[in-house]
Amino acid sequence: MTSPLHFATVLHAHQPVANPDAVVRQVILTAYRPVLTELAAHPALRFTLHISGSLLDRLDRLDPGLVELIGTMVERGQAELLGGAYHEALLPLIPVADRRGQLAALRARLYKAFGAPPRGAWLAERFWEPSLAHDLAEAGYQFTLLDEHGFLQVGFEEESLDRPFLTEDQGSPLGLFPISKGLRYLLPYADPDQSLQVLRNRAVTHPGSVWVFADDLEKFGAWPGTWDRVHEQGWLRGFLEQLGEAATGPLRCVTLSEAWEAVPHGGLAYLPATSYPEILRWALPPALRSDQARPGFPRHFLVRYPEVNLVHKRMLAASQAVHDLPHPPPDLLHQLWISQTACPYWYGWFGGAYLPNLRLHAKAAATRAETLALKKARRPLRSIAHTDFDLDGQEEVILSTPTQWVLAKPVGAGLTAWEDRQTGFDPLSVMNPRPEEGTPDRRDAEMILPFEDLILSPGPTLDHLLHHQIPVLAALRHRRFAAETFEEAHALGVRFTLSTPVPLPGGERRLTLGKTFRVDDRERRLTLDLEFVNPDLRPLELSYGLRLPLGSMASTSGHPFALTVPEVGLTDLDGLSVGEVCGVSEVSWSPRPGLPPPERGGLILAGTRITTDRPVSVWYSPLLTEIMLEGKPTSIFQALVLVFLVQLRIEGEGRAALRLTLGPTENSGHG
């Protein structure tokens, strides 16, 4: 008798912690509940299910009946559960202590909830590096599953990928199941009878083998365009009915553990760092994605997007603070692990790092975890450090107080982070536009850097801004300023200075620019003192602009923030207009009145009020990023960009000054 084909279906379910309950409820209604209910009606069809720990916690609260249904299928042997990182981390990107902690935490959670410790582990984005074999084995896992792409990279033939393989690291063995790319593209897009014929053909050519389909559970109803096909048109029911009939003959629907026991292993396989082909391609610049000689590498997202790199390094610093404690409490570990959730560390089909709520939520979780750990260890929160924090080869200055954490860069004399230690919110955490596949060519898109100095042509007007032609004579973003730090009774600070020639209409002149950032110890307040020195005997006239992007928890349809200018009565609630206010000394970018309180675990948003010690003009405009989001060109609001404008006349050997004070608004709210 011919041995059957072992068909292993693996469904993966995860929702970002930053997604509101309303989004998760919608996914439950369109995918999780209907798919699992239909599977439960076919108890002979065995399958494997992975649910991230954070999603399982959410399901316990939002749909406990669904968790009970999963438990029933586990108890009767129909469903096998996979472990993995509790908060769906990209394991190679997080410290070893957190890898092992998250792997053990989800394993324990599943055992407590369902009485069965998982034998296999799911890897977020199937991102593999060889050292994971040791960590997974040490955490008690016997196998994982990876896309066939990694096997093909090292020389395996596609036809041979019909069984589990073995690998090891430091002598710790681990099983590897290849995931079929063909099946991922087949289901649920081919008709049920066509799909079953493909499986029957495989049973003839590969008897006694295993074929693994593994993909997102959300693909079956929650992905764009799938609800009608999968449920309304009856694809799922038809497929499962035909699969059930075939399972009495040439097919066997099995869990991964059953396949592990039943199918002879294929020997050793040492795979390179890899993931699924799409994410490897997304890690490359768009112009290189068609070059087959460039395989791509997920860690390169940290190079393509410095904003993501900063979140990553902030997470690493938080992990160090947490694990410096002899026995970190579970709630503190989970706060840290939330900052390690995979979603904001890459860009692809679902937006990833370009979605401000995902990126800001992860960064805020890291800040809160670090702050709580330092307080618990009774370590001082007040410090100054000179270090290459983001590991880009350039030294930065860190100013830390009990209320704030600031990262200042001598190159450009700006800040790349200004965090509220209580909430974790950083209004400077802004994603800049870049060239992306399927979007307009943005190679000339201007990078917006916080606190950037602009020397402008005389008489800049709003018309220049409207036509994206700001008349910049000199930008100092690439110039290295001399840096000097200082301590005061209730503040820490850094003073940047640069003497530079500037091109002006009357000829090149020299200007000395001083920028002093001062961080208050007692409250979230930041001051910037600008000093302009004319070393020449002749008077110096110039137009100066200070550019400042302020982020928000944006969406594709708007954002929950408002720009308010009390002196002129301006309140801009859509944040998408371009405008100018003249002769003002206060503006606020704050949560819109009437926002509901945050959901459990939601990010608390702090508004920012900016005052100047002399009247200035302020331009405001949106910073938008154009990306492909779930297959559609989408504009994402990232920040409101403010440019503070002053016209300066500095007498010979004279100086001029301007002070900006930034602090929280009175109506800072929640989002």
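The values are calculated or read from the model by the stated rules, or taken from the named source; none is laboratory data. These numbers come from a predicted model, not from an experiment. Methodologically, a virtual Cβ is constructed for each residue, glycine included, from the backbone with ideal geometry; neighbour enumeration extends over all protein chains shown.
Some values worked out for this structure:
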{"item": "Conditions (1) of a type outside the set (Val, Ile, Thr); (2) surrounded by 18 or more Cβ atoms within 10 Å (Cβ to Cβ); (3) assigned to a helix (DSSP H, G or I): number failed by ASP215", "result": "(3)"}
{"item": "Matching helices (runs of 4 or more DSSP H) fully within the stretch 19-68 where at least 2 residues are surrounded by fewer than 16 Cβ atoms within 10 Å (Cβ to Cβ) and not small (Gly, Ala, Ser)", "result": "21-27, 53-62"}
{"item": "Residue pairs meeting the criteria (Cβ under 8 Å; at least 6 apart or on separate chains; first of a type in the set (D, E, K, R), in the stretch 645-663; second not in a strand (DSSP E or B))", "result": "ARG649/PRO539; GLU651/ASN534; GLU651/PRO539; GLU653/ASN534; GLU653/PRO535; GLU653/ASP536; GLU653/LEU537; ARG655/ASN534"}
{"item": "Count of residues meeting criterion [more than 18 Å from GLY514 (Cα to Cα), among the acidic types (Asp, Glu) and buried (at least 21 other Cβ atoms within 10 Å of the Cβ)] in the stretch 385-422", "result": "2"}
{"item": "Residues that are out of contact with any helix residue (DSSP H, G or I) (no Cβ under 6 Å at 6 or more places or on another chain), aliphatic (A, V, I, L, M) and modelled with pLDDT of 90 or more, drawn from the stretch 289-305", "result": "VAL303"}
{"item": "Residue within the stretch 1-8 that is assigned to a loop (DSSP other than H, G, I, E, B), more than 21 Å from HIS231 (Cα to Cα) and free of Cβ contacts under 8 Å to residues at least 60 places away in the same chain present", "result": "yes"}
{"item": "Residue match in the stretch 155-173 (condition: surrounded by fewer than 20 Cβ atoms within 10 Å (Cβ to Cβ) and within 30 Å of the chain's Cα centre (by Cα))", "result": "yes"}
{"item": "Meets criteria (charged (D, E, K, R), over 32 Å from the mean Cα position of the chain (by Cα), within 26 Å of VAL230 (Cα to Cα) and surrounded by 16 or more Cβ atoms within 10 Å (Cβ to Cβ)) for ARG202", "result": "yes"}
{"item": "Flag for GLU452 being surrounded by 16 or more Cβ atoms within 10 Å (Cβ to Cβ) and either of a type in the set (A, V, I, L, M, F, W, C) or touching an Asp or Glu at 6+ places or on another chain (Cβ under 7 Å) (or both)", "result": "no"}
{"item": "Positions within the stretch 619-647 being in contact with a Phe, Trp or Tyr (Cβ under 6 Å, 6 or more places away or on another chain) and under 18 Å from GLY583 (Cα atoms), in sequence order", "result": "LEU642, VAL643, VAL646"}
{"item": "Residues of the stretch 69-103 classified as closer than 30 Å to TYR347 by Cβ and surrounded by fewer than 22 Cβ atoms within 10 Å (Cβ to Cβ), total", "result": "5"}
{"item": "The stretch 394-439, residues that are within 17 Å of LEU310 (Cβ to Cβ), in contact with an Asp or Glu (Cβ under 9 Å, 6 or more places away or on another chain), among the charged types (D, E, K, R) and not in a strand (DSSP E or B)", "result": "GLU395, ARG421, ASP426"}
{"item": "Hey, THR248 surrounded by fewer than 18 Cβ atoms within 10 Å (Cβ to Cβ) and among the polar types (S, T, N, Q) or not", "result": "yes"}
{"item": "Selected residue (only one of PRO64, PRO43 is of a type outside the set (Ser, Thr, Tyr) and under 24 Å from ASN19 (Cβ atoms))", "result": "PRO64"}
{"item": "Pairs, first over 10 Å from THR341 (Cα atoms) in the stretch 82-96, second assigned to a loop (DSSP other than H, G, I, E, B) and at pLDDT below 95, C-beta under 9 Å, six or more apart", "result": "GLY83/PRO117"}
{"item": "VAL519 being under 21 Å from PRO664 (Cβ atoms), buried (at least 17 other Cβ atoms within 10 Å of the Cβ), β-branched (Val, Ile, Thr) and modelled with pLDDT of 95 or more", "result": "yes"}
{"item": "Residue count, the stretch 256-285 (criterion: in contact with a His (Cβ under 9 Å, 6 or more places away or on another chain) and not in a strand (DSSP E or B))", "result": "10"}
{"item": "Breaking point among (1) within 27 Å of the chain's Cα centre (by Cα); (2) part of a loop (DSSP other than H, G, I, E, B), for GLY150", "result": "(2)"}
{"item": "Candidates SER195, SER160, SER172 - the one that is more than 17 Å from LEU271 (Cβ to Cβ), in contact (Cβ under 8 Å) with a residue 12 or more places away in the chain and of a type in the set (Ser, Thr, Tyr)", "result": "SER195"}
{"item": "Residue that is surrounded by the most Cβ atoms within 10 Å (Cβ to Cβ) [pool: residues in the stretch 327-377 that are modelled with pLDDT of 95 or more and part of a loop (DSSP other than H, G, I, E, B)]", "result": "GLN340"}
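Results for (1) part of a helix (DSSP H, G or I); (2) touching a strand residue (DSSP E or B) at 6+ places or on another chain (Cβ under 6 Å); (3) at pLDDT 95 or above, shown as yes or no for each residue.
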| residue | (1), (2), (3) |
| --- | --- |
| GLY77 | no, no, yes |
| ARG107 | yes, yes, yes |
| GLU125 | yes, no, yes |
| PRO130 | no, yes, yes |
| ALA137 | yes, yes, yes |
| TYR141 | no, yes, yes |
| THR144 | no, yes, yes |
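The rows are residues; the columns are (1) of a type in the set (A, V, I, L, M); (2) over 19 Å from GLY551 (Cα atoms); (3) at pLDDT 95 or above.
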residue	(1), (2), (3)
ALA385	yes, yes, yes
ASP390	no, yes, yes
ILE398	yes, yes, yes
GLN404	no, no, yes
ALA413	yes, yes, yes
TRP418	no, no, yes
GLY424	no, no, no
VAL430	yes, no, no
